Amino acid sequence: MANNNKKEKVLEVNNLKLYYRTSMGEVKAVDDISFFLRKGETLGVVGESGCGKTTMGTALLKMPTPPGYIAGGEIKIAGQDIVPLTEKEIRKNIRWEKISMVFQGAMNCLTPVYTIGKLMMETLQEHRQMSKSEAYDRMVKYLGYVGLPEHILNKYPHELSGGMKQRVVIATGLFLEPKVVVCDEPTTALDVVVQAQIINLLKELKEKLDLSFIFITHDLATEAEVSDRIQVMYAGKIAEIGTNQQIYGEQGASHPYTRRLLAATPKLHEKVAELAFIPGTPPDLLHPPSGCRFHLRCDVAMDKCKVEEPPLVEIEDDHYVACWRCPKK
Amino acid sequence: MYWKYVIKRLINGVIIFIILVFIYSVIFNVQLEQTVRTMIEEKVRAEEMALSTGNMTPQQIKQYSQERRDHYYRIYNLDKSVPERVLINTVNSVVFNFGNSTIIKSSEGSMDVRTIVFETIPRTLLLFATAAIIDIIIGLLLGIKKAQKPGSGLDKTTSVSTMIVFGMPSWWLGMLMMMLFVYTIPLFPSGGMVSTPPPEGSMAMAGDVLYHLALPVLTLVVLGFWGRAFITRNIVLGTLQEDFIMSARARGIPERKVLYGHAMKTAAPPIVTMALLALLASISGNIVFEGIFSWPGMGNLYWVAVEQNDIPVLMGDLTTTTMVYLSGLVILDLIYGFLDPRIKVGGKE
Amino acid sequence: MKWADIKNSFSDFWKEFKRVKSGIFGLVLFIIFLLIVIFEPLVLPFGEVNDTWRDITYWEDNPKSAQPEWTNFFRSEKLSTSSKLTDPEVHINDMGALKMETVSFKYDYQFSGAPKDIVLKAHGTGNPLIVLSVTRPDGEEIELLQKPLFLEDGSDVRISLAKDSRDSVYEFARDYESRVNVGKSDPKLFDVPMVLFSKAQEGILRDSLSEALKGEYTFSANIILQNENDTMDDFSLIIPGQVYGVLGTDAYKRDLWSGVLAGVKWALLIGILTAIVSVSIGVIFGVVSAYYGGWKDSLMQRIFEIFRSIPLLPLLIVLSAVFKPSLFMLIGMMCIFFWTGPVKTVRSMAMQIKEETYIEATRALGGGHGRIIFKHMVPLLIPYSFASMALFIPGAIVYEATISLLGLGDATIVTWGQILSDALKNGAVLNGLWWWVVPPGLCIALMGMAFAFIGFAMDKILHPKLRTR
């Protein structure tokens, strides 16, 4: 599916299934999705709450939140499928080495009783044979990249502001120079000014260090700023993947859901008489609807949509859509 | 930062102590006064008896005893008004000046209440601290094990056991243990801290004390470690579900370090609080327990004082127990503050 | 918060609660206790136990410190059970000037240990003369005693063989006993019933050597009614055995089963009342403190700290020693100190609720403080309150028991603590009277366990984070 002049794929996900075991049955949070990430690009993943994007995020590190588990599929990082590996192998060689995660900084993801320095040092020494001074230098270097001074290393998390914590999380996620960095809502809980700073920072670092990001968020505006390609998920399935231009451009997105999602985002320079919204609610993933999962809320659903699930088809170069209404261009 | 906290807590503790002693004085003033009056009457009567064998006329004796009575009233402040007396009593209690007991004597034979009470403190601490250390260690280890496999057979059965002993009075279990291991199968001594007569030599002495400690400590531990394990399990489990644990695992930190480093260090403050509070509660609450085992501590003193209706000792013991309890609470706060960097180091930049 | 909301949340809660097995078990236990209280008059063997616990005469006919009857199950050589024979054969011979009433009881003795006494009870008037004798299975007939009675109209008669037939029984025994053993015995102290029920041979006067004589004993009373209006009727023969009842008796001959059953209601009352009152105070205190914030909050927190710093039991003891409280005063005193329990947690929960926008909205709509506190904040804390209450109950019960144990409790009522207090005073622990010590304490533990199960089940539902699946 890739062209010759495109870069190699650092991440390839094929037919991934993530289910949750509950007392009421299996919730199919992510149900057979396939996508890839190229070196040096940012793939944004958007969708409503509950569409499966965060679940997918932690699954890429093979750490689905319990009671979730990987029910099938492959996750290939730099060509190696991590799904069949043991926990020990993943912990030693994959996590943070090949793929890391930047969490929501406002989350409580920094151990409150450890100083930043201790946290970072522990991570470095766990993965690399470094002397203390070498480790220290690297920590300071990366803190510098995110614009934080050296003395932060002696501080405890509660002494830092939200923005500072987010930067620490970014620095920690990058300093082992992994192939893939998964960013899970890194700016969601921050105020707008800090948000902008963090986004610029991420763009800068991507250029500088030639990183590949997966950027998960529900905020379309941020997504547009940051991503090269965008993946829209709905009810555990991929609705559409396309480049920034293809989705946001004049032609507009192809999948009905994507279109309505974009329409629902108020634009700064347009007058809006009424806020558009998508009627209905996301489906119950315990018993997903037949056929296309969006058909109950879709305004252009056909009979075929109710019965047969549309496959993800490349309708033009690097543009994939799963909809019976969208033919190849 | 931390020092400010320490000083604040210490001063707070002292102020509360003074307030409490004041409240005690107010409540018990009447009763104390009664006791003192009775004691004075006895003294004067005794003096009268001694004099009547001499060569004073009944008239003179009467006058003399009245003078003596006034004299005593002055010494014991009974000639002052109630508020004044309460104040004086408060001040006295704060500096641990409790006067003399009515009946009880210390092991050296002194009737000074302060001596009587203070010599019991180390004995109580010996018993309850020993038991607390053992059951905290067992409880901690068990609790961590339970938190690692929640919902497992171990977890469920130990939780049920916790609930079974939840309402069991420690002194009742003590009674049962005694009936079983002292009278039915004579394994342990029937009470006290040392045998009579006490053995010679410090090693033998230590051994003897241990021999007497065994059954009460065993009783306390058997009851106590379940609760510690249960609370530890809950705290650790709660901590393990925090985001920073997931984050540590994502960073590839081995599970052992995650559990004992990240999780336990964060859980330490509430666990320590729980452990110390339990220790404090057992010290201040186990009056009957000491009584059953005739362990000569603060609690047993209480019991004896109640039986003998020795009010000064009772008051002195109450004040002293309050002080020990309060000190424990203050120390607890200080340790908590030390362990939790949010308090130790303070707020945001 | 409407009634419908409350009903809904309650039924949701109940659905969750049903799934926790231990909680249901605790609830079942609680219901059993409740049933005991409700049906107490029907269930108690000794109906007036509540009023007569300190009345020695009420318990006269029971054996002293008797083990429970079911312990015989574990013995090959059975100890004598207690019984009451009420249907004697009565003959009245009219002999002109006087009447002779003959009353006989048949007693089948198949035990290895003699009963503690044989007591004849009757109802009579006038001056009858009573002669008691017994016919043993070995054919021996012993005249036990001869006694003139002086009765007012309709008085009760009570004759104890252990007391009044000592001399005749001794005489009887001497004939069969060796000189050595007779010399060793003391006519004032020997065990009368034991001799009565032992084989007539050497060793009869020695506890360790005598053998039981099993068979049918006939106790007869010949009563001479000399005067016109002498009467005697309503005869019964009471045999206090070595074992008695479900839980035996204590040193005061009181039936412990009745005592323990009677204690259930007090335990429930003390526990539930203290828990409800103190948790309510504590929750309201915490909410109000969090709601007002500022200096009011600080002040309330200072007050809270002062109360929290008091070592509870010592103070309760001194208060009890000085003021000698009744039961309700004791409950009141406990409430005054127990309320500090929930305050810290409630306050932090209330702080969080306070930040919710709907509180602000209510205020904007003109809702007053009281309304916000009681209609919007407190109801959210009700599940936590209930869990707290359940967990406070065992503590309150144990506190009362402890106070009673020290002799400071309310002596007019029968609580488990009172029973244990008597046990301790009478050396039950030293003498191995386990049936006196184990049951009351076991009940305290059981009731505590029941509420622990209920409380922890509630707690589990409230903290789904700690749930494991």
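The values are calculated or read from the model by the stated rules, or taken from the named source; none is laboratory data. The model shown is predicted, which means the values in this text are computed figures rather than measured ones. Quick reminder, even Gly has a Cβ in these numbers, built from the backbone with ideal geometry, and neighbours come from all protein chains shown.
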Note: among C:F30, C:F39, C:F46, just one is outside the structural domain of C:D117 (by TED's automatic domain parsing) and in contact with a strand residue (DSSP E or B) (Cβ under 6 Å, 6 or more places away or on another chain), namely C:F46
Segment A:221-329: strands (runs of 3 or more DSSP E) wholly inside it with 3 or more residues that are surrounded by 23 or more Cβ atoms within 10 Å (Cβ to Cβ) are A:229-234, A:237-243
Would you check if C:V398 is within 19 Å of C:T274 (Cα to Cα), modelled with pLDDT of 85 or more, at the interface with chain B (Cβ under 8 Å from one of its Cβ atoms) and part of a helix (DSSP H, G or I)? yes
Among helices (runs of 4 or more DSSP H) entirely inside segment C:1-57, those with 2 or more residues being touching a residue at least 40 places away in the same chain (Cβ under 8 Å) and within 15 Å of the chain's Cα centre (by Cα) are C:21-38, C:40-43, C:49-52
inquiry  = Can you confirm whether C:H463 is over 30 Å from B:V306 (Cβ atoms) and either touching a residue at least 12 places away in the same chain (Cβ under 8 Å) or more than 13 Å from every other protein chain (Cβ to nearest Cβ) (or both)?
reply    = no
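Per-residue answers, yes or no, for (1) among the hydroxyl-bearing types (S, T, Y); (2) away from every other protein chain (no Cβ under 14 Å); (3) closer than 21 Å to A:V181 by Cα:
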{"site": "A:E8", "(1), (2), (3)": "no, yes, yes"}
{"site": "A:V30", "(1), (2), (3)": "no, yes, yes"}
{"site": "A:S34", "(1), (2), (3)": "yes, yes, yes"}
{"site": "A:G44", "(1), (2), (3)": "no, yes, yes"}
{"site": "A:K53", "(1), (2), (3)": "no, yes, yes"}
{"site": "A:A71", "(1), (2), (3)": "no, yes, no"}
{"site": "A:E74", "(1), (2), (3)": "no, yes, yes"}
{"site": "A:A78", "(1), (2), (3)": "no, yes, yes"}
Conditions (1) free of Cβ contacts under 8 Å to residues at least 60 places away in the same chain; (2) surrounded by 19 or more Cβ atoms within 10 Å (Cβ to Cβ); (3) closer than 30 Å to C:H463 by Cβ -> B:G252 fails only (3)
Within segment A:63-85, restricting to residues that are under 26 Å from A:K39 (Cα atoms) and out of contact with any Leu (no Cβ under 9 Å at 6 or more places or on another chain), the one that is surrounded by the most Cβ atoms within 10 Å (Cβ to Cβ) is A:M63
Those residues of segment B:178-197 which are surrounded by 14 or more Cβ atoms within 10 Å (Cβ to Cβ), of a type in the set (A, V, I, L, M), assigned to a loop (DSSP other than H, G, I, E, B) and in contact with a Leu (Cβ under 9 Å, 6 or more places away or on another chain) amount to B:M193
Considering segment B:28-45, residues that are within 13 Å of chain C (Cβ to nearest Cβ) and surrounded by fewer than 16 Cβ atoms within 10 Å (Cβ to Cβ), and then whichever is farthest from B:N89 (Cα to Cα), we arrive at B:Q34
Being touching a Leu at 6+ places or on another chain (Cβ under 9 Å) and surrounded by fewer than 16 Cβ atoms within 10 Å (Cβ to Cβ) narrows A:K132, A:K208, A:K179, A:K118 down to just A:K118
Item to complete: Please work out if A:E89 is of a type in the set (D, E), surrounded by 18 or more Cβ atoms within 10 Å (Cβ to Cβ) and over 30 Å from B:R342 (Cα atoms).
Response: no
Screening C:A387, C:A361 for residues that are at pLDDT below 80 and not β-branched (V, I, T) leaves only C:A361
Taking segment C:302-330 and the residues there that are over 21 Å from B:L280 (Cα atoms), part of a helix (DSSP H, G or I) and touching a residue at least 12 places away in the same chain (Cβ under 8 Å), the one that is nearest to the other protein chains (Cβ to nearest Cβ) would be C:A321
How many residues of segment B:213-266 are charged (D, E, K, R), more than 26 Å from the chain's Cα centre (by Cα) and away from chain A (no Cβ under 14 Å)? The answer is 1
- prompt: Out of curiosity, is B:G143 of a type in the set (G, A, S) and either within 14 Å of another protein chain (Cβ to nearest Cβ) or assigned to a helix (DSSP H, G or I) (or both)?
  reply: yes
The lone condition B:I134 fails out of (1) aliphatic (A, V, I, L, M); (2) part of a helix (DSSP H, G or I); (3) surrounded by 17 or more Cβ atoms within 10 Å (Cβ to Cβ); (4) more than 9 Å from every other protein chain (Cβ to nearest Cβ) is (3)
message = Among the residues in segment B:74-95, are any within 14 Å of chain C (Cβ to nearest Cβ), surrounded by 12 or more Cβ atoms within 10 Å (Cβ to Cβ), within 14 Å of B:M315 (Cβ to Cβ) and modelled with pLDDT under 80?
response = yes
Determine, yes or no, whether C:A267 is closer than 24 Å to C:E40 by Cβ and outside any loop (DSSP other than H, G, I, E, B).
-> yes
Checked segment B:146-172 for anything among the β-branched types (V, I, T) and assigned to a helix (DSSP H, G or I); matches are B:T157, B:T158, B:V160, B:T162, B:I164
The residue that is surrounded by the most Cβ atoms within 10 Å (Cβ to Cβ), considering only those in segment C:23-51 that are farther than 30 Å from C:A411 by Cβ and touching a Lys or Arg at 6+ places or on another chain (Cβ under 9 Å), is C:G23
Here, helices (runs of 4 or more DSSP H) confined to segment C:149-240 with at least 1 residues that are within 24 Å of C:L79 (Cα to Cα) are C:161-164, C:166-174, C:192-196
The residue from C:G448, C:G366, C:G432 that alone is under 30 Å from B:Y183 (Cβ atoms), part of a loop (DSSP other than H, G, I, E, B) and more than 14 Å from the chain's Cα centre (by Cα) is C:G432
